[in-house]
Amino acid sequence: MRISFQFPAIVASEATRAIRRRSLMLAVVGIAVLPLAWRGTSCGQDFDFHLQNWLETARSWHQGVLNPHWAASANYLAGEPRFVFYPPLSRFLGAALGCVLPWAWTPLAFVLVALLGAAWSFRAMAREWAGDDNAAVAACLYVLNPYMMFLVYERAALAELLAAVWIPLLVLYGLRQAKSWLPLTLTVAAVWLTNAPAGVMGCYLLALLVAVAAVQQRSWKLVARAACAVPLGLGLAAYWLAPAIYEQRWVQIDRAIGPLMRVQDSFLFGYARLAGSPDELFDLNYHNQVLRLASWVVVALMVASLICAWIARRRKSPVWLPLVVAGAAVCALQFRWSGMVWRLAPKLEFLQFPWRWMLVLGMIFAALAGLALARGFPTRRTLAVRALVLLVLAGGMAAFASKAFWQVCDDEDNVQAQRTTFQQTGFAGTDEYTPVGADSDPPETGPQVRVESGSFGDIALPAEVKIERWKTEHMEFQVKSPAPGYAILRLMDYPAWGVTRNGMEGTTTPRSDGWMAIPIEAGSNEIDVQWRTTWDAWAGLGISFLAVMITLAFGRGDPRRRA
C-alpha cells in the first residue's frame, strides 16, 4: 500500500515541476518581448530588409512559386536575385506568419517564435549536463543575454535571431556521447538554411568543440561523427547553397564587405575613421554608435562568461573545457591582433562584424551558468528564489533594451508604409546582389516595357505594347513595332532569365543601368520571359537528393551502428 501510494505522488511532483519550468520559460520570453507588444515594432538596422523578404515570399506563394528566387520590389520594381543568395527558412517563417496574422503583428510573432525556440533548444542541450531545473534557468539566461536583446531591438537581425535556435543543438549533438549523427546532420543543414553567417560560425564552433573534446577524451569518435555530419548537412542544404556559391560571379558580392562593413572596421571599441560626403559621415557616425553599443555587449558577455567559467570549473563536466576554449577563441577574435585569422580562415571575413560571434558567446555564457548552478538537488525555496530573480531580470533587460537599443520607426519605415511602398514604387536594391556591370543606382521610374531604336538612350519608337502577364518570375507581353529596335524591360537582366520571342529562344543586350533589353523585329513580337533553373541549381538539387537518400539509408539502418 505504501509503495502504490507514493509512486503517483512522485510522478505528480515531477509533472508539476515540469509545468513550472515551462511556465517560467514562457513568462521570461513573454516579458522580454513586452516592449514590442506595448510600443510596436523596433525598426532596427535590418528590419526593412526582413519585412520586404516576407512580403516578397508571400506574394510569390500567392502566384504559385513555392521557392522564390527573385525579389521584384528591389531596385524600384526592376528586381534583384536576392533569394538565390539569402537563405530561405527565416523568410518562409515570416511569410507564413504574415499569411495568417495581420502584418503589423508579424514581427512580434516572429520574435516570440524565435525566442521560444531558442529557449527550448537550449534547455534540451543544457539538461544533458546540468539537470532539468538548472537547464531551465540557463535557458532563460540564454534568451535574456544582452546580445539577444541587441539582436531584437537594436539590429532587428531576425534571421540571425532565428539561428539562435540551432546553435545550442550543434553543441548538444556534437558533444553528446549517445548516438546523434542524424540530428547533427539535420542541425547543420538547418543553421545554413537560416543564416549564412551563423552557418559559418556554427561550423567553426563545432570543429573546435569536437577537437578539444577528442583531445580531452583521447577518442576520435566525436570528430568522426562531425566529419560525416557536416558534409552531409551541407549536402542537404545544397539545393540553396550550390547556386548561392556559384552565382556569386554574376553579382557584385564583394560589396557586402565594403567600407564600414569590413571586419577591420568593427573590432572591439575600434572606431572607424574616414572622410567623405555628409551622407557618408552620417553612416560613419551611425556605425561607430552601433559599434560602441556592441562593444559594451561584448565586454558584458566576456565578464559574465569568465565568472561562470570560474564557478563551474570544479564541476568536472566533460563539456566545461570545450566550452571554455571556444569562449576564449571567440573573445580573441574581437581584438585587432586577430586580423590574420580573419583574413586566412575561409569565408570568415563575410561575417562583417567580429561582434557577431556574441551569438555563440551568449550560448557559452548561459551553458557555463547552468553548469555553475548544478550543485546538488535544488530545494523548493531555491527554485522559487531563482524564478523570482529571473522574472525581475527579464523585466530589467526588457526595460534596458527598450531604452538603450530601441529604434523608432520613421513614417516611411512602419509596417503599413512599407507595404504601401512595396505595392507601388518598390525599394532601393541591395548592393551585393546587383548584377555585374549594372548601375547600383538604377532609374526609379519607367514603364514596364518601352521600345527604343537602340539598346540604350536612343530614339523611342511609337510601338504598341500589350502586357499579358507580369508576375514575379514570369512575364509575357506583345510588342507591335514599326521598325526593328529593342524592348526595354523594367527588369534587371540576369543569366537565369530565359527569353523567347515568337516561340524561339531570344537574347538580351547589356545596359549600364542593368535593365533587360530584348532585340525585336518590325511587326508583331510575342515575348516570354521566365525564370529558369540553371545547371548549378540542378546540380544543387541533385546533391540534396543524394544527401537525402544517404541520410534515409543510414537513418533506417541498425541504430546500434550509428555514431
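For the stretch 466-483, name all the residues that are free of Cβ contacts under 8 Å to residues at least 40 places away in the same chain and crowded, with 16+ Cβ neighbours inside 10 Å.
Correct list: 470 only.
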Hey, can you tell me all the residues within the stretch 484-508 that are assigned to a loop (DSSP other than H, G, I, E, B) and in contact (Cβ under 8 Å) with a residue 24 or more places away in the chain?
484, 493, 494, 495, 496, 502
Out of the residues in the stretch 434-451 that are within 19 Å of residue 526 (Cβ to Cβ) and buried (at least 16 other Cβ atoms within 10 Å of the Cβ), state the one that is nearest to the chain's Cα centre (by Cα).
449
Flagged in the stretch 77-97 as part of a helix (DSSP H, G or I) and either farther than 27 Å from residue 514 by Cα or touching a Pro at 6+ places or on another chain (Cβ under 6 Å) (or both), in numbering order, are 83, 84, 89, 90, 92, 93, 94, 95, 96, 97
Residues that are under 26 Å from the mean Cα position of the chain (by Cα), aromatic (Phe, Trp, Tyr) and at pLDDT below 95: does the stretch 295-305 have at least one?
no
Could you please let me know if residue 463 is within 30 Å of residue 157 (Cα to Cα), surrounded by 13 or more Cβ atoms within 10 Å (Cβ to Cβ) and of a type in the set (A, V, I, L, M)?
no
crowded, with 24+ Cβ neighbours inside 10 Å and either farther than 26 Å from residue 292 by Cα or of a type in the set (Asp, Glu) (or both): which single residue out of 392, 319 fits that description?
319
On the given criteria, is residue 458 more than 30 Å from residue 352 (Cα to Cα) and of a type in the set (Asp, Glu)?
yes
Hey, residue 427 hits all of (1) in the same structural domain as residue 253 (by TED's automatic domain parsing); (2) in contact (Cβ under 8 Å) with a residue 12 or more places away in the chain; (3) within 29 Å of residue 105 (Cα to Cα); (4) not small (Gly, Ala, Ser) but one; which does it fall short on?
(1)
Mind listing whichever residues of the stretch 59-76 are of a type in the set (A, V, I, L, M, F, W, C), in a helix (DSSP H, G or I) and surrounded by fewer than 21 Cβ atoms within 10 Å (Cβ to Cβ)?
61
Only one residue in 229, 198 is within 22 Å of the chain's Cα centre (by Cα), under 19 Å from residue 350 (Cβ atoms) and in a helix (DSSP H, G or I), so which one is that?
198
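Results for (1) more than 30 Å from residue 287 (Cβ to Cβ); (2) assigned by TED's automatic domain parsing to the domain that holds residue 268; (3) free of Cβ contacts under 8 Å to residues at least 12 places away in the same chain, shown as yes or no for each residue.
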| site | (1), (2), (3) |
| --- | --- |
| 355 | no, yes, no |
| 358 | no, yes, no |
| 366 | no, yes, no |
| 373 | yes, yes, no |
| 379 | yes, yes, yes |
| 389 | yes, yes, yes |
| 395 | yes, yes, no |
| 401 | no, yes, no |
Is it the case that the stretch 495-516 has a residue that's modelled with pLDDT under 95, buried (at least 20 other Cβ atoms within 10 Å of the Cβ) and of a type in the set (Gly, Ala, Ser)?
yes
Note: among 159, 130, 118, just one is of a type in the set (Gly, Ala, Ser), closer than 16 Å to residue 301 by Cβ and assigned by TED's automatic domain parsing to the domain that holds residue 352, namely 118
Residues of the stretch 297-312 satisfying the condition of being touching a helix residue (DSSP H, G or I) at 6+ places or on another chain (Cβ under 7 Å) and within 13 Å of residue 371 (Cα to Cα):
305, 308, 309, 311, 312
Please tell me if residue 412 is out of contact with any helix residue (DSSP H, G or I) (no Cβ under 6 Å at 6 or more places or on another chain), under 30 Å from residue 43 (Cα atoms), among the acidic types (Asp, Glu) and assigned to a loop (DSSP other than H, G, I, E, B).
yes
Looking at this structure, is residue 185 within 22 Å of residue 94 (Cβ to Cβ) and buried (at least 24 other Cβ atoms within 10 Å of the Cβ)?
no
Please state which of the following conditions residue 472 fails to meet, knowing it meets all the rest: (1) among the polar types (S, T, N, Q); (2) farther than 21 Å from residue 69 by Cα; (3) in contact with a helix residue (DSSP H, G or I) (Cβ under 6 Å, 6 or more places away or on another chain).
(2)
Return a yes/no flag: does the stretch 399-413 have any residue that is surrounded by 15 or more Cβ atoms within 10 Å (Cβ to Cβ) and closer than 20 Å to residue 72 by Cα.
yes
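The values are calculated or read from the model by the stated rules, or taken from the named source; none is laboratory data. Here the structure is a predicted model, which is why all the values come from computation and not from measurement. Because the Cβ atoms are built from the backbone with ideal geometry, glycine has one as well, and the counts that use them run over all protein chains shown.
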